[in-house]
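*Asks:* My questions all concern the structure below.
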Amino acid sequence: MTRKRLATAGERGELVRLFQIMGRQGAYVVQWGPTGARRQRSWPATKAGKVESKAFFDAFVAEHKQAAGDALMTRGMWLAYIDDVFPSLRPNSRRLYTEAWKHWELFYGAETDAAALTVAQCTGFRRALEERGFALTTARATIKNVRGVYNWAEKSERITVNKWHRFTFRVPKGMKPKPRAEYRADEFLRIWRALHPEQIGQWRAWCLVGLLGIYGNRQHAILALDDAWEHEDEIIIPASVEKTGEEAVLPLLPLTRRILAVARSWRAREGYTGTRVFFPGQRPGRTHPSKQAHYSIQSLTDALHLAEKRAGVPHIPGRAGHGFRRGLVGDLADATGDVGLALQAIGDSLAMAPHYRVRRNDRIRTLLSDRLARMGAETPAEPATETATKPRNPPSHRS
């Protein structure tokens, strides 16, 4: 039996073919589907059969192309999400979602059908993040942000199946992350004194560490400080910079004024004419300022670790600038006995208490010792001793 191919479409492995079978039992046949699972339909070897088979072939190919064109690719879903959701997000949220999605596209592919996701690929993404050195909390946050985009696509009917619902981020016992460490008051002062406001490579870190230790704000908000935010006796940080979406008001203390005066003196010295308090420095060998809007968190972290070393403060991974925020909450809570007031001071709600209170073993030791003292049990009583006496002999009964 001889076959004559009349038309072919599609990719290798899933071709659609139109061919004519020659001979007395001839026919026009359209065959489609992957290798090993092909299907076909045939028409008689007549003029009408030829026309009908060609029309079926053309319609099948057109429908297949439309279905492929309608598939929502990973990059297309992200761009649609940006258009719909980004206008209502704060800049920091946009940054976090964008960073998470870059990692997702690197793993899953920018031109891959978003709806073709499998649970195994969700699990593989977590494994890929951990292999790249992501901490447990960072990997969890990255997956949460990617999942949020898929949830949006499902709710907006851009995809019909969302396999992220079937994925669970499990953490083995004993591996749950501990709260990040804090900088105690004495550590804050030692680090601050190890930085020098008169050195060009340290004045920014000196100012920032001072403000973080005084107010406990998030690093991003303090780094973005602008002259326009300073008023007569307070600094008003706009809602667009704050993670909570609400503006923060900082009392302008005398020490704060001295810190800001140092920043202004360096601005005049370096000829900076913008409004940023912590403007970026020039990179070595460059004659123009950096394109960054302000000094970066990474630069602050590097300077902080060097100051730790000079001050003899133990380095604890993950502590960094957020440690001043935690330390302030702990100090205020210990001083007032009111953790709610301490959280108000840094602009957080009472619901965040479990995330900020760090176990202070020295504080617990003091409380337990004070309790014993109040009970009068500071020194345990000596056990009573009895004078050893020779037991009497029982009276003898003589007859």
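*Asks:* What do you get when you divide the Cα radius of gyration of the range 106-257 by 2.2 N^0.38 Å, with N the number of residues?
*Replies:* 1.47
*Asks:* Here is a follow-up. At 1.4 Å probe radius, can you tell me the per residue accessible area of the range 1-160 in Å²?
*Replies:* Per residue, the range 1-160 has 62 Å² of solvent-accessible surface.
*Asks:* Restricting attention to the range 87-116, which GluC sites (Glu not before Pro) occupy a DSSP loop and are surrounded by at most 15 other Cβ atoms within 10 Å?
*Replies:* E111
*Asks:* Here's a follow-up. Given N residues in the range 85-162, what is Rg(Cα) / (2.2 N^0.38 Å)?
*Replies:* Relative to the rule-of-thumb radius for its length, the range 85-162 sits at 1.10.
*Asks:* Here is a follow-up. Counting only C-alpha contacts under 8 Å and six or more residues apart, can you give the relative contact order of the range 55-196 as a whole percent?
*Replies:* Result for the range 55-196 is 27 percent.
*Asks:* If you don't mind, there's one more thing I want to ask. Quick one: which residues, 5 or more positions from A248 or on another chain, have an amide H under 5 Å from its amide H? H modelled 1.01 Å from N in the peptide plane, none for Pro or chain starts.
*Replies:* Amide H neighbours of A248: I237.
*Asks:* Computing the accessible area with a 1.4 Å probe over protein heavy atoms, can you report the carbon and sulfur percentage for the range 178-279?
*Replies:* Here it works out to 54 percent.
*Asks:* At 1.4 Å probe size, with every protein chain present, just tell me what the per residue accessible area of the range 295-348 comes to in Å².
*Replies:* Using a 1.4 Å probe on heavy atoms only, each residue of the range 295-348 averages 44 Å².
*Asks:* So how do 192-202, 213-223 stack up, highest first, on mean other-Cβ count within 10 Å?
*Replies:* Output ranking for 192-202, 213-223: 213-223, 192-202.
*Asks:* Compute the FRET efficiency between T98 and R170 as 1/(1 + (r/R0)^6), taking r as their Cβ-Cβ distance and R0 = 25 Å, and round to the nearest 0.05.
*Replies:* Plugging the Cβ-Cβ distance into 1/(1 + (r/R0)^6) gives 0.40.
*Asks:* Just want the answer: with Cβ charges of +1 for Lys and Arg and -1 for Asp and Glu, which residue in P172, A120, W104 is farthest toward the dipole's positive end in the range 97-231?
*Replies:* With unit charges placed on the Cβ atoms, the residue in question is P172.
*Asks:* If I model the range 163-238 as equal point scatterers sitting on the Cα atoms and use the Debye formula, what is log10 I(q)/I(0) at q = 0.19 Å⁻¹?
*Replies:* Here the Debye-derived log intensity ratios amount to -0.91.
The values are calculated or read from the model by the stated rules, or taken from the named source; none is laboratory data. Here the structure is a predicted model, which is why all the values come from computation and not from measurement. Positions of Cβ are backbone-derived with ideal geometry, glycine not excepted, and every protein chain shown enters the neighbour counts. Quick note on the areas: whole protein, heavy atoms, side chains included, nothing else; ligands and nucleic acids left out. Shrake-Rupley method; radii C 1.70, N 1.55, O 1.52, S 1.80 Å.
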